[in-house]
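Structure, as structure tokens:
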Amino acid sequence: MVRRGVVVAVLLVLLVPAAALTVLRLGDPGWVLAVQAVTFAPAALVLYALALLVLVVAALRSAGGARLLAGVVAVLVVVPLALHASWFAPQVAGAEPAAAPDAVPLRVMTSNLLRGDGDPADVVAAAREARADLVVLPEATARTTRALGRLGADEAWPHRAGRAGADIEGTLVLSADPVRDVRVLPTQLDSVAFTVERGDRDLRVLAVHPIAPYDGAAGWRRDHAAILAAVRRERPDVVLGDFNATMDHRPMRRLAAEGYRTATEVANEGWRPTWPVNGLFSLGPLPLPRSAEIDHVLVRDGTAVLGTERHLVAGTDHLALSADLRLR
């Protein structure tokens with residue numbers, strides 16, 4: 001009886017949060033804590049797998065009605081497990097486009113600088129390591145701009161779009177190539193659309209930073225709606241930045257429905273969380289481990305991705321993310 005009680009308790013610990021994540025992932029929750037919980041939807045895959053293992057072991061060690069019950073529950077667990085596996089599978093087993101002979105090479109990087117506290121020296125080092133042609137810096141400040149100038153960023157990336165802010169609102173874009181047709185999107189934090197003159201080709205880019213769903217989800221939804229409207233209107237070649245959302249959130253799935261995929265998915269690199277790092281976000285007394293993939297480079301269908309890299313930047317709670325693209 002004790003053993004059966006332990007099995008039931010373990011199953012409840014595994015299946016209750018897993019089922020909650022499945023329900024939230026299937027829906028479009030408006031409650032801010034529910035929106036935040038969707039961030040961790042991939043964890044349900046692990047929880048269901050562990051529950052299935054417990055049920056298989058219990059069935060093998062039981063007899064009669066107990067074995068039958070464990071078998072029935074195991075079959076029921078397989079259904080949501082398969083559902084989450086289908087959501088995750090494209091990240092590791094998708095079709096990877098080949099680079100077209102006339103594809104335009106573009107290396108990009110995005111790095112949220114956490115109110116300007118991110119180390120500019122690390123940013124420049126990461127961008128040079130990635131040989132980035134375009135660098136997007138959400139939450140850059142005037143202090144960031146001055147430090148970048150001292151580090152030679154003005155020579156490596158002489159062209160600008162966006163702006164530095166006083167706190168979290170700024171999004172600064174550094175480009176090795178000329179930029180024009182800059183347009184500010186109606187988001188609460190700075191998001192900008194612009195054209196990069198890459199050789200004899202013009203590339204349309206969106207650098208985005210929707211507000212995080214902290215105090216409420218309404219502003220987060222409005223910002224993502226503005227980004228979706230811009231994507232539909234401008235059909236950019238690349239959309240990148242700190243989205244404050246994972247591909248499990250409904251706004252990101254809407255972008256996927258418009259034909260945009262993450263560079264990590266195109267490269268079949270799997271789950272690559274970028275937040276939080278450097279121990280700068282805590283869950284009670286304990287630092288939250290790196291667990292959310294909220295910084296993205298989105299590309300249109302047909303774009304080849306030769307690879308992505310994550311870079312540690314001191315002073316910020318985000319990893320920088322770079323991607324080597326070949327654009328049709």
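The residues listed here are ARG204, ARG180; of these, the one that is in a strand (DSSP E or B), within 24 Å of ILE294 (Cα to Cα) and open to solvent by 20 Å² or more (accessible area, probe 1.4 Å) is ARG204.
Tally up the residues in the range 69-112 that are touching a Lys or Arg at 6+ places or on another chain (Cβ under 6 Å) and modelled with pLDDT under 90, please. Final tally of qualifying residues: 2. Taking (1) open to solvent by less than 10 Å² (accessible area, probe 1.4 Å); (2) closer than 19 Å to PRO273 by Cα; (3) part of a loop (DSSP other than H, G, I, E, B) in turn, GLY116 satisfies each apart from (2). Condition (residue is touching a strand residue (DSSP E or B) at 6+ places or on another chain (Cβ under 6 Å), in contact (Cβ under 8 Å) with a residue 12 or more places away in the chain and open to solvent by 30 Å² or more (accessible area, probe 1.4 Å)) applied to the range 132-154: is it met by at least one residue? Within the range 132-154 (the criterion being touching a strand residue (DSSP E or B) at 6+ places or on another chain (Cβ under 6 Å), in contact (Cβ under 8 Å) with a residue 12 or more places away in the chain and open to solvent by 30 Å² or more (accessible area, probe 1.4 Å)), the answer is no, since none of the residues qualifies.
Can you tell me which residues in the range 316-328 are closer than 20 Å to VAL92 by Cα, in contact with a Leu (Cβ under 6 Å, 6 or more places away or on another chain) and open to solvent by 10 Å² or more (accessible area, probe 1.4 Å)? ASP324 - this is the single residue of the range 316-328 that is closer than 20 Å to VAL92 by Cα, in contact with a Leu (Cβ under 6 Å, 6 or more places away or on another chain) and open to solvent by 10 Å² or more (accessible area, probe 1.4 Å). Restricting ALA49, ALA37 to those that are among the hydrophobic types (A, V, I, L, M, F, W, C) and more than 30 Å from GLY219 (Cα to Cα) reduces the list to ALA49. Scanning the range 183-201 for residues that are part of a strand (DSSP E or B), open to solvent by 40 Å² or more (accessible area, probe 1.4 Å) and touching a residue at least 24 places away in the same chain (Cβ under 8 Å) turns up ARG198, ARG201. Meeting the requirement of 1 or more residues that are open to solvent by 50 Å² or more (accessible area, probe 1.4 Å), farther than 30 Å from TRP157 by Cβ and touching a Pro at 6+ places or on another chain (Cβ under 8 Å), the helices (runs of 4 or more DSSP H) wholly within the range 1-112 are 32-38, 64-88.
The values are calculated or read from the model by the stated rules, or taken from the named source; none is laboratory data. Quantities reported herein were computed from a predicted structural model and do not represent experimental measurements. Glycine gets a Cβ as well: all are built from the backbone with ideal geometry, and neighbour counts include every protein chain shown. Ligands, DNA and RNA are stripped out before the accessible areas are found, and what is left, the full protein with its side chains, is counted by its heavy atoms. Shrake-Rupley method; radii C 1.70, N 1.55, O 1.52, S 1.80 Å.
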